[in-house]
1. Give me the 1.4 Å probe accessible area per residue for the chain, excluding ligands and nucleic acids, in Å².
2. What residue among Arg220, Arg320, Arg403 has the largest mean-square fluctuation in a Gaussian network model of the chain, using Cα springs under 10 Å?
3. Once you have a ≥ b ≥ c as the square roots of the Cα gyration tensor eigenvalues for region 231-295, tell me rounded if a/c is under 1.5, and otherwise prolate or oblate according to whether a/b is larger than b/c.
4. If you take the charge dipole of region 17-73 about its Cα centre, with +1 on Lys and Arg Cβ and -1 on Asp and Glu Cβ, which of Thr48, Tyr64, Ala38 is farthest toward its positive end?
5. Could you tell me which GluC sites (Glu not before Pro) in region 15-73 are loop residues by DSSP with no more than 12 other beta carbons within 10 angstrom of their beta carbon?
6. Taking θ = phi - 60°, what integer Hz values does the Karplus form 6.51 cos²θ - 1.76 cosθ + 1.60 yield along region 158-167, in sequence order, with x for Gly and Pro?
7. Please work out the FRET efficiency for the pair Gln70 and Gln209, using the Cβ-Cβ distance as r and a Förster radius of 56 Å; give the result to the nearest 0.05.
8. So what is the 222 nm mean residue ellipticity for the chain from helices alone, if each DSSP H run of at least 4 adds -39500 (n - 2.57) and you divide by all residues, rounding to the nearest 500 deg cm²/dmol?
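The values are calculated or read from the model by the stated rules, or taken from the named source; none is laboratory data. Nothing here was measured: the structure is a model prediction, and the numbers come from that model. Methodologically, a virtual Cβ is constructed for each residue, glycine included, from the backbone with ideal geometry; neighbour enumeration extends over all protein chains shown. Note: accessible area is taken over every heavy atom of the protein model, side chains too, but ligands, DNA and RNA are not part of it. Shrake-Rupley method; radii C 1.70, N 1.55, O 1.52, S 1.80 Å.
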Amino acid sequence: MTLPAVQPMQLIALGINHKTAPVAIRERVAFPPEQMQAACAALKDHQTIKEVVIVSTCNRTEIYALLAAQDTRSVLTWLSDFHQLPLEDIARYTYLHQDQQAISHLMRVASGLDSLVLGEPQILGQIKEAYETAKQQGLLGRLMEPLFQQVFATAKRVRTETGIGTNPVSVAYAAVHLAQKIFADLQTSRALLIGAGETIELVAKHLRQAGVRELVIANRTVEKAKQLADEVQAEAVALSAIPDQLVKADIVISSTAAPLPILGKGMVERALRLRRHQPIFMVDIAVPRDIEPQVGELEDIYLFTVDDLQEVIDENLAARRDAARQAEALIVDGVAEYLRQQRIRDAGRVIGAFRQQAEDLAQQELAQALQLLQQGQDAEAVLRRFARQLTNKWLHHPTLKLREASADQRHELLGAATELLNLNDLLPSEGPARAASSSPQS
């Protein structure tokens, strides 16, 4: 049996991210959800791209593709054609990784080591979504399907065996983390958030995840506050309601674009009197500040600014960098394991053909033996003939090739055959085959 020739394949990762391109370029090559199906349909008909996954987020667009030729430019050409952009407009912003480097890059991305915020967990979920989309569209095969399974396993190891995601490194998360240190149980606390922008939205979500009892969002535009409040099960109020809300608030976090402070010392003093001096934890994330600095001089007020949070973030970033070094070692292991498993899968193709050949020979000889038995010939003689014929046919080609190898002094092949056929204990103590099988080179 002759195996069909294997077409050489090349794995690549072609991408544009926050390190290589401004947002004006990134948004032009992004794949919003409504475009993804059309992109997958176009890729199915591509002659060079055989398997592919598209990862598209606000910070990156990456195409992981298995190519049937060494034509890496075909992916870049497809990307420019699909988005109807001149090739030269995007070529200088892209990066390209090939084969083992592409595998390593994908694992680093999935583990959060290539993110804008080191160790952020959202990217893994986004890659899983991209994988599921490609799978549903029939764009995965025998090489990339197991690759992504190994990527997910490696990213899980990074999360569980290192501290890459345990320390907060965003302002919003750091503010909530600090609140959790001051209040033993946020489930008994009421929080007042001032503003309704991205930072406050993240703060609100983190507080909800931490189990805060009540949440109030105050904003200049009440309608915008209500939109956010509906998302996080909170109450929306106008800025004019802050004095009354302050009396009931244990936590106050503010982030607006106001040019002047929103909370003054007098307003906070009044609230403290009405609260009978129960302490308030305050975080002013705004620049310029929303809370007058003099508020921090009041007893029972714990006021932190964005600079205070930055110290926490810097410490945590240092911890994440230490964890990232540990993660890099796990990624090396992950790449090695995928390549090992791929080699095993490649051997399966040969093993399958080997078994099929043996089965075909056995069936041929069995059919002849059964025919002889039906003709009434002696059963023992038929079985002996069956064993002899099967052995001769099975060993004919290997015997011929071993003789040729010996004549051509291909001792490495004789050594490999000795190990493969488990002949070491049957060979004489000296001779070319024994020498070849025991040499370091074999």
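1. 55 Å²
2. For the chain, modelled as a Gaussian network with Cα springs under 10 Å, the answer is Arg403.
3. Values: a/c = 1.67, a/b = 1.09, b/c = 1.53.
Since a/c reaches 1.5 but b/c is at least a/b, the shape of region 231-295 is classed as oblate.
4. Tyr64
5. Details: sites: Glu27, Glu34, Glu51, Glu62; in loops: Glu27.
Loop-located and lightly packed - Glu27.
6. For region 158-167, the Karplus curve yields 4, 5, 8, 9, 10, x, 4, x, 8, 9 Hz.
7. 0.70
8. On the way: 16 runs with 243 residues, N = 442.
Estimated from H runs of four or more residues: -18000 deg cm²/dmol.
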